[in-house]
């Protein structure tokens, strides 16, 4: 996995024993498609290494993700949120950060 080019991430832990990885990318129109492709690549990589089913915890999922977009003038902001077991997200992030 390649280190993200457009996204910067912050990781935090929740009170219920899960971790949250929040990524933000803000791009101009020329980089919009590449940033969207990077988001899909990141989600695909996470899914390939998933510790179990994807979906809401209360419905039996082990991890989940959400991707939102917001346009402000000439800028597109992509916000990727991933929730899952702390060890899994830490391992994935360590691998992503050192490639």
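Here residue 56 meets the list (1) under 13 Å from the mean Cα position of the chain (by Cα); (2) within 16 Å of residue 81 (Cα to Cα) almost entirely, failing just condition (1). Checking each residue in the range 24-47 for being touching a helix residue (DSSP H, G or I) at 6+ places or on another chain (Cβ under 7 Å) and closer than 19 Å to residue 91 by Cα picks out only 46. Put simply, of 77, 64 the only residue that is modelled with pLDDT of 90 or more and closer than 15 Å to residue 8 by Cα is 77.
The values are calculated or read from the model by the stated rules, or taken from the named source; none is laboratory data. Note that the structure is a prediction, hence the values are computed from the model and not measured. Methodologically, a virtual Cβ is constructed for each residue, glycine included, from the backbone with ideal geometry; neighbour enumeration extends over all protein chains shown.
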